[in-house]
Each structure stands twice: as structure tokens, then as C-alpha cells.
Amino acid sequence: MSNKNYQEDKVLSFHGPLTISLLSFVGNYLKLVINTDQVLASRLYKTFIELTQNVSYYSAEVKEIEKGIKSGIGWFLLNEYSKHFIFTTGNLIKKEDGYKLTRNCNEINSLNEEELRFLKRKTRGEAKIRDIGAHIGLIQTGLLSGHPLDYKISEINSKHSYFTISVRLDK
């Protein structure tokens, strides 16, 4: 394509077990290679951590890295365009988790920034009642992006679905 507005540059991609040490290394690498202002670099880093941790913690496909330590398997991709970045992750999920993810993403996409901040405080307050880690991460991602979460859940079989989420971060 000749129009620079539509050109993309794949900055980084990975598929495999998303270990905490890998995420830490790649997160720090992103800070070094992204040539942008500090505020955007921080938003990219935080988005990367939120979404890849969700894959690491909640993927239905796991690999034992060390005895007793498992990491979720999935992928991430960071593309740079002339006016924005798109960060995408994908992973296998339990089919029943797809309903919760759909509800959470739709709720996040229906709220403005002030409402998202309120939801984040409310959800954090409920943290002792239920496991809400992924929900808070998605809320935070919505706040960092300022755009709707672009997600897709595709049924694989009677037990599993595939979850893909993309987030736009403007330059």
C-alpha cells in the first residue's frame, strides 16, 4: 500500500507459553524500542501487561514450565500504524468463560471514562468476594485505550472457545 495512513509495521509478536519472566523481559524491551512519548509508551506497556497476564493466568491451554509452575499458552501481536498502535492477544478459553468475557467486554464498551473508573473502584471492592482479576484488567485496558475493546469469541468444541482481543492506542 502506498498510503502511509494505512501502512502497518509489525513491532512484535510471540506464540507460546506466556511466562511471567517472558512478559517482564518483553515489557521492558517494548519500553526501549517504541520510539514515542513517555505517556504513550507507558500506556502501551500497561496494556501489554494487562492483556498478556490474562493469557498467562486464564488460558485453557497450559504448559508446565517448572515443577508445579504452569503458564498459559497464547499469542500477542503489536502493530504500529502511522496514527496508532493495535495490540492483540489470543488464547483458548473454557467455553463457560466466554459468556463472562462477553458480558464484561460489552459492559466496558458501553461505558464512558468516568463510568469505567467507577466500575473499576466497585469491582476492586468486590475482589474479596470473587475472582475478578481478568475483569479489572479489561476495565483498565478500556481506560488506557479510550476505544472499545474489539473482541471475538469463536467456539472450538463443546468445552472450549477461542478468545481474541484487540486494543487501539492512539499516538
- Return yes or no: is Tyr57 touching a helix residue (DSSP H, G or I) at 6+ places or on another chain (Cβ under 8 Å), open to solvent by 90 Å² or more (accessible area, probe 1.4 Å) and among the aromatic types (Phe, Trp, Tyr)? yes
- Inside segment 8-33, can you point out the residues that are touching a residue at least 40 places away in the same chain (Cβ under 8 Å) and open to solvent by less than 30 Å² (accessible area, probe 1.4 Å)? Gly16, Leu18, Thr19, Leu30
- Message: The conditions are (1) in a helix (DSSP H, G or I); (2) at pLDDT 90 or above; (3) over 23 Å from Gly142 (Cβ atoms), and Val39 fails exactly one of them. Which is it?
- Response: (3)
- Residue pairs meeting the criteria (Cβ under 6 Å; at least 6 apart or on separate chains; first open to solvent by 70 Å² or more (accessible area, probe 1.4 Å) and at pLDDT below 95, in segment 146-171; second outside any loop (DSSP other than H, G, I, E, B) and not hydroxyl-bearing (Ser, Thr, Tyr)): Lys171/His84
- Kindly indicate which of Ile165, Ile139, Ile156 is closer than 15 Å to Glu115 by Cβ and not polar (S, T, N, Q). Ile139
- Query: Before we move on, is Lys95 open to solvent by less than 60 Å² (accessible area, probe 1.4 Å) and more than 23 Å from Val11 (Cα to Cα)?
  - Reply: yes
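The values are calculated or read from the model by the stated rules, or taken from the named source; none is laboratory data. Fair warning: this is a prediction, and the values are worked out from it, not measured in the lab. Cβ: placed from backbone, ideal geometry, glycine included. Neighbour counts: every protein chain shown. Heads up: the accessible areas ignore ligands, DNA and RNA and are worked out on the full protein's heavy atoms, side chains in. Shrake-Rupley method; radii C 1.70, N 1.55, O 1.52, S 1.80 Å.
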